[in-house]
Amino acid sequence: MIDKHPYIVAVVSGLLFGATAMLAAIAVSAAPKVAIASTSLTSADLSAFGGAIVGAIVGGVIAYFLQMSALRAQKSEREQKDRQERQALAHALVFKMLSMVNNFAHFKSHAEECQGRVIAASGHTENPATYLLPIINLPMPVQLEPAEMGMLLSLGDDRALNSVLETAPIHNSILPVWTEYAVLRSEINAMMPPLIDMATGIGEVAFQQGSPVAVKFFEANQMAQQLIERATRDFAEASDTLKALVMLLRNKLGLKVGIGDVPAESASDVTA
């Protein structure tokens, strides 16, 4: 009630204070007359009564402004505390998004480095399982907290909310794929004859159709191709999401966060 209708509370408080003061003044001024059983009102009685009314009004006004001042101070304190809490959640969310973008950038640069090496050596990028090296030290999954998502939801930008909600599952789902690819490629290395350099993709190898190593090599090739494509696409989409998020938090919460560390490449810069 106090939070929703502070002005009504202040007015009621002032009226109650004034009414109480008025009744007390009337009772005090009327007491001597009751004692002497007199029913006539003299000028002194009228002055006392008028003074009681004026005093009650002044007291009520003072009580009103004092109550309003206290309510404004409490409201300001609550708003400041709420703003600080939301800014803390916003900083945490930006940090997590920045971590995911940096991880995607690492995947992308790793794939490009492997492709660049094989292009320089052989001039082609066929059979990516022969040159896309596994990533040994993978990052940890990123978990978005309900409080962070609740803060973002309260800002009223559904597009930014959905983009952020999609980024974490995409990031976390690609990590086990890299792990599985490393295991599969290790098995292929153990099964293949030493006729091909698995770092540069240079060499020749022949598989018997339907053999276990042929099946694994096909699976590894498909997985490597998807990892290369995902590395470029995921990085571009996550970068755009982070930029939009930072702009939203800056406009809505006054968050002082720069995006200078975010790579400038966006989805529009990526060619199919």
Q. Out of the stretch 145-166, which residues are in a loop (DSSP other than H, G, I, E, B) and either at pLDDT 95 or above or surrounded by fewer than 16 Cβ atoms within 10 Å (Cβ to Cβ) (or both)?
A. E145, G156
(Q) Among the numbered criteria (1) farther than 30 Å from K81 by Cβ; (2) open to solvent by 30 Å² or more (accessible area, probe 1.4 Å), which one does V101 miss? (A) (2)
Q: Scan the stretch 130-144 for residues that are open to solvent by less than 30 Å² (accessible area, probe 1.4 Å) and either on the phi > 0 side of the Ramachandran plot or modelled with pLDDT under 95 (or both) and jot them down.
A: T130, Y131, L132, I135
Q | Residue list for the stretch 88-97, filter: touching a residue at least 24 places away in the same chain (Cβ under 8 Å) and either open to solvent by 50 Å² or more (accessible area, probe 1.4 Å) or not in a helix (DSSP H, G or I) (or both) | A | L89, H91
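One line per residue, one yes/no per condition, for (1) part of a helix (DSSP H, G or I); (2) surrounded by 14 or more Cβ atoms within 10 Å (Cβ to Cβ); (3) modelled with pLDDT under 80; (4) out of contact with any strand residue (DSSP E or B) (no Cβ under 7 Å at 6 or more places or on another chain):
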position	(1), (2), (3), (4)
A220	yes, yes, no, yes
S239	yes, yes, no, yes
V246	yes, yes, no, yes
L249	yes, yes, no, yes
L255	no, yes, no, yes
S268	yes, no, yes, yes
A272	no, no, yes, yes
Q) Using beta carbons and a limit of 7 Å, which pairs, at least six apart or on different chains, have the first residue in the stretch 169-193 and closer than 13 Å to V213 by Cβ and the second one outside any helix (DSSP H, G or I)? A) R185/P134; N189/M198; M192/V205; P193/V205
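The values are calculated or read from the model by the stated rules, or taken from the named source; none is laboratory data. Only a predicted model underlies this, so the values are computations on that prediction, with no experimental measurement involved. FYI the Cβ positions are ideal-geometry reconstructions off the backbone, even for glycines, and counts take in every protein chain you see. Just so you know, the surface numbers come from the protein's heavy atoms only, side chains and all, with ligands and any DNA or RNA stripped out. Shrake-Rupley method; radii C 1.70, N 1.55, O 1.52, S 1.80 Å.
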